[in-house]
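The values are calculated or read from the model by the stated rules, or taken from the named source; none is laboratory data. Note that the coordinates shown come from a computational prediction; the quantities given were computed from them, not determined experimentally. Please note: Cβ atoms are built from the backbone with ideal geometry, for glycine as well, and neighbour counts cover all protein chains shown. Calculation scope for accessible area: heavy atoms of the full protein, side chains included, ligands and nucleic acids excluded. Shrake-Rupley method; radii C 1.70, N 1.55, O 1.52, S 1.80 Å.
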Amino acid sequence: MFSGPKHLNAVRLLAFVFWLSAVACGKKQRGQRPHVVFVLADDFGFNDIGYHAREHYSDMYTPFLDSLAAKGVILENYYVQPICSPTRGQLLTGRYQIHTGLAHGIIRAAQPYGLPLDNILLSQQLRQCGYKTNMVGKWHLGFFREEYLPWNRGFQNFFGFLNGGVNHFTRYHCEPKKTRRFCGYDMIDSRYGPTNATYGEYSTNLFIRKSKEMIDKHNKQKPMFLYLSLQAVHGPLQVPNQYL
Ligand SMILES: *[C@@H]1O[C@H](CO)[C@@H](O)[C@H](O)[C@H]1NC(C)=O
């Protein structure tokens, strides 16, 4: 997801996932467990953030993210795999892609496989620790059978899409010819099924709105895990006119 050098390793990502499960599932009472919101930016490059851009003579301007970073912890050696499905598999399982069978590339719409079901996902672990688990945005870990859908893999609520990238406004996508011409719309609410109700709303605005709705509705006595998996800045390269 993050573009960068080819020789990436994911040790720190894995360490982070284990830390997250440990912190969230310690001996504390339920009410004391922290709420966890994991926001993922897709294909967001190392220099695409203000505090790096300044060092590298780029004019990228991200004041809000910079201010969050200044108040938080910056992990400068945080590595991931260079493409979607292997990295997403690592994030949710804590395992390298050679163990999940996702080492070969991304999962195309017409390919009948997914993250194997014998993996225990972060969402399932946290649910066992008493968490309410929500996911908003991009899945890309397979959907060829019901058991592979995010709401059957530990996420109690899901709003988002299942493939690698869709038009940010219409949700339409066509796979490249070499992997078979395969076109369709992709946006699903786990409670109601495929939906076209949000047609025209930019994906980032939509996913943030849905996340806020889930947070507002949440019973604060119970810890919540929200995995907000934005499609931006992954292609197609589109923004609302006001940002052009
Ligand atoms: C989705 O809604 C839009 C706007 O109403 C409409 O133009 C489009 O044809 C719809 N798409 C599908 C697949 O129904």
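Structural remarks
- Take the chain with all the other protein chains still there, run a 1.4 Å probe, and you get 55 Å² of accessible area per residue.
- When the residues Leu102, Leu117 are ordered by accessible surface, computed with a 1.4 Å probe over the protein chains alone, the sequence from largest down reads Leu117, Leu102.
- Of all accessible heavy-atom area on region 7-234, the percent that carbon and sulfur account for (1.4 Å): 56
- Accessible surface ranking that places the most exposed of Ser203, Ser190 first, with a 1.4 angstrom probe: Ser190, Ser203
- Membrane-span-like helices in the chain, defined here as complete DSSP H runs extending at least 18 Å along the helix axis by their C-alpha atoms with mean Kyte-Doolittle hydropathy no lower than 0.0, are 11-24; this is a sequence and geometry rule, not a statement about a membrane.
- Leading residue at positive end of dipole, the chain (Cβ point charges), from Leu75, Asn152, Thr195: Asn152
- Dipole of the chain computed with +1 at Lys/Arg Cβ and -1 at Asp/Glu Cβ about the Cα centre; of Ser85, Gln124, Leu244, farthest Cα towards the positive end is Gln124.
- With the whole protein complex present, Glu146 retains an accessible surface near 130 Å², based on a 1.4 Å probe.
- Dividing the helix sum by the residues of the chain, where each DSSP H run of 4 or more adds -39500 (n - 2.57), gives a mean residue ellipticity at 222 nm of -7500 deg cm²/dmol.
- Subset of Lys71/Lys210; Lys132/Lys212; Lys71/Lys222; Lys132/Lys217 violating a 23 Å alpha-carbon distance limit: Lys71/Lys210; Lys71/Lys222
- Tyr96, Tyr243, reordered so the largest accessible area comes first (probe 1.4 Å): Tyr243, Tyr96
- Approximate spin-label separation Lys220-His35, in nm, with each point projected 7 Å along Cα-to-Cβ: 0.8
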